[in-house]
Amino acid sequence: MNLPLSPGAAKALALLQAAGYEAWIVGGCVRDALLGLPPKDYDLTTSALPEETQRVFAAYPRIETGLRHGTVTVLLEGEPLEITTYRVDGAYSDARHPDGVTFTRSLRQDAARRDFTINAMAYAPGQGLQDFFGGQADLAQGTIRAVGRAETRFHEDALRILRALRFASVLDFTLEAETHQAALACAPLLAAISPERVFSELGKLLCGKAAGRVLRTYPQVLGAVVPEILPMVGFDQRNAHHCYDVWTHTAVAVDHVPPELPLRLAMLFHDIGKPDTFSLGEDGQGHFYGHPRRSVELAEGILSRLRFPRRTRERVLTLVRYHDAVLEESPQRVRRWLNKLGPEVFFDLLAIQGGDAAAQAPAYCTRLDHLRRLEALARQVLDQAPCLTVRDLAVGGEDLLALGYRGPAIGRALRALLDQVLSETVSNEKNALLQRLAQMDAENTEKMEPCSKKKDP
Ligand code: ATP
Ligand code: MG
């Protein structure tokens, strides 16, 4: 068997072996290479003790932050390579961190501490594949199986439960029966995991190709980290637009937006406020007045708790806030939205509304045509290089300064002009804008409002 290696990984293996140590690529890179996917990065495992590894790579740049866990990061051929000594993890008293690590000279022991059979294989050119736990067979069958007793392994480190779901989602695999049962039984242990570790696995899970199926299968596991989702599970909408309960609708909608984190998160949270805002109309139909606002509140709490970066958070909340907004098919309205959200977020909003519509009762999927027309319209509007922000105006701060405007009055006047350009009461040409400004000033004076324009003292 020959697996492709990056130049840096090949060189690192050769250097360690030449110095008399065993060395292998291991874990995710072996799994991905066997699947024919390009490995994201190469992790190496070796019989060399950390100080021996340091000696082998003495001539190369190294980062030693992981030394306590036996990891030396070496920069070879421009690649950072994590080289870790064969390791046995000690007991886990907190279901989070091993109390201590012990180095070993046995590759098998190192493989046994790894989470899943598909992640426990090692490979080196000339030596072939080392697969102690049937990882290759599980890869072929699309199975996530814990190495050893699943329940024990989840008790040692509960994050593995979320990792199991993450790999199931990303690879479109299923959990083997014992691993599946243990994931359900041990889910409450996830509450002890640090938000940073949860955040990373959750993000990857959501962006996987089978995210919807995993969400539908494991709401209780996700609910151990994000209990706010639980009221959605099985919540009957009692509304003709909907053929699913709120959670199933959410999971289906997640699959219908591109695998980008802000979109997937916005879909996950768009209806999270529904159970709290439910009311039954006289017609027997369920309504959820004001649910986007409640969804924003709940999502904001969750995203801050899990320490999602501020930019992601803001993008998600904007999309949740407007997921139900009525978008009219007129160039003027579209220009307003483009001005309000910026083109990128506006197109994301169309994707969100599309995901939402695709997960409703089939009779109501006609909204998809409306969204396609809106997208075409927005592209047309943008092709005309429209004026969408004050920066796009044909007059600027300089012009207003020359006219005697000072301080906040400048921003106010520019925003007022932009507003008129957006509603097409004036064209974005310098003379037209200056004329309009003079008019607005005159009107303001007539109304005896304090003049927006302040002359030099
Ligand atoms: P990715 O492609 O996302 O990097 P990966 O499998 O490489 O996936 P990493 O988090 O980079 O995942 O971990 C590298 C390897 O370390 C895994 O393949 C697995 O063998 C082992 N590992 C990582 N986290 C754990 C854990 N919590 N418990 C046991 N083994 C783990
Ligand atoms: Mg990795």
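Per-structure values
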{"read-out": "Output for the range 309-349, where each listed residue is buried (at least 18 other Cβ atoms within 10 Å of the Cβ) and closer than 13 Å to residue 375 by Cβ", "value": "327, 334, 337, 338, 346, 348, 349"}
{"read-out": "The range 24-69: number of residues that are among the small types (Gly, Ala, Ser) and within 16 Å of ligand 2 (Cβ to nearest atom)", "value": "4"}
{"read-out": "Count - residues of the range 14-36 that are among the charged types (D, E, K, R) and either touching a residue at least 40 places away in the same chain (Cβ under 8 Å) or over 15 Å from residue 3 (Cβ atoms) (or both)", "value": "2"}
{"read-out": "Test set (1) assigned to a helix (DSSP H, G or I); (2) in contact (Cβ under 8 Å) with a residue 40 or more places away in the chain; (3) not aliphatic (A, V, I, L, M) - residue 308 fails condition number", "value": "(1)"}
{"read-out": "Matching residues, the range 38-48, being of a type outside the set (Phe, Trp, Tyr) and either surrounded by 20 or more Cβ atoms within 10 Å (Cβ to Cβ) or modelled with pLDDT of 95 or more (or both)", "value": "39, 43, 44, 45, 46, 47, 48"}
{"read-out": "Listing of helices (runs of 4 or more DSSP H) fully contained in the range 1-58 that carry 3 or more residues being closer than 30 Å to residue 140 by Cβ and either aliphatic (A, V, I, L, M) or within 28 Å of the chain's Cα centre (by Cα) (or both)", "value": "7-18, 28-34"}
{"read-out": "Residues satisfying the stated conditions in the range 127-178, i.e. among the aliphatic types (A, V, I, L, M), within 15 Å of ligand 1 (Cβ to nearest atom) and in a helix (DSSP H, G or I)", "value": "139, 150, 159, 161, 162, 164, 165, 168, 170, 171"}
{"read-out": "Residue within the range 340-355 that is part of a helix (DSSP H, G or I) and at pLDDT below 95 present", "value": "no"}
{"read-out": "Test: residue in the range 109-129 that is of a type in the set (Ser, Thr, Tyr) and in contact (Cβ under 8 Å) with a residue 40 or more places away in the chain", "value": "yes"}
{"read-out": "Residue 361 free of Cβ contacts under 8 Å to residues at least 24 places away in the same chain, out of contact with any helix residue (DSSP H, G or I) (no Cβ under 7 Å at 6 or more places or on another chain) and of a type outside the set (D, E, K, R)", "value": "no"}
{"read-out": "Candidate set: the range 61-85, residues that are surrounded by fewer than 15 Cβ atoms within 10 Å (Cβ to Cβ) and closer than 20 Å to residue 7 by Cα; chosen: the one nearest to ligand 1 (Cβ to nearest atom)", "value": "80"}
{"read-out": "Where a residue in the range 135-155 is among the aromatic types (Phe, Trp, Tyr) and its partner, wherever it lies, is buried (at least 16 other Cβ atoms within 10 Å of the Cβ) and not in a helix (DSSP H, G or I), with Cβ under 9 Å and at least six apart", "value": "154/95; 154/146"}
{"read-out": "Failed criterion for residue 302 (all others in (1) outside any loop (DSSP other than H, G, I, E, B); (2) over 16 Å from the mean Cα position of the chain (by Cα) hold)", "value": "(2)"}
{"read-out": "Qualifying positions in the range 271-299 - among the hydroxyl-bearing types (Ser, Thr, Tyr) and either modelled with pLDDT of 95 or more or within 30 Å of the chain's Cα centre (by Cα) (or both)", "value": "277, 289, 295"}
{"read-out": "Extreme residue, surrounded by the fewest Cβ atoms within 10 Å (Cβ to Cβ), among residues of the range 156-178 that are in contact with a helix residue (DSSP H, G or I) (Cβ under 6 Å, 6 or more places away or on another chain) and touching a residue at least 60 places away in the same chain (Cβ under 8 Å)", "value": "159"}
{"read-out": "Unique match (being buried (at least 20 other Cβ atoms within 10 Å of the Cβ) and under 30 Å from residue 15 (Cβ atoms)) among 88, 147", "value": "147"}
{"read-out": "Residue match in the range 102-113 (condition: more than 16 Å from ligand 2 (Cβ to nearest atom) and in contact with a helix residue (DSSP H, G or I) (Cβ under 7 Å, 6 or more places away or on another chain))", "value": "yes"}
{"read-out": "Odd one out for residue 80, checked against (1) in a strand (DSSP E or B); (2) away from ligand 2 (no atom under 16 Å from the Cβ)", "value": "(2)"}
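So that you can scan it fast, the table gives a plain yes or no per residue for (1) in contact (Cβ under 8 Å) with a residue 40 or more places away in the chain; (2) closer than 25 Å to residue 360 by Cα; (3) not small (Gly, Ala, Ser):
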residue	(1), (2), (3)
199	yes, no, yes
204	no, no, yes
209	yes, yes, yes
219	no, yes, yes
227	no, yes, yes
255	yes, yes, yes
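The values are calculated or read from the model by the stated rules, or taken from the named source; none is laboratory data. Just so you know, these numbers come straight off a predicted model, no measurement behind them. Cβ sites come from the backbone with ideal geometry, for glycine too, and all protein chains shown count toward neighbours.
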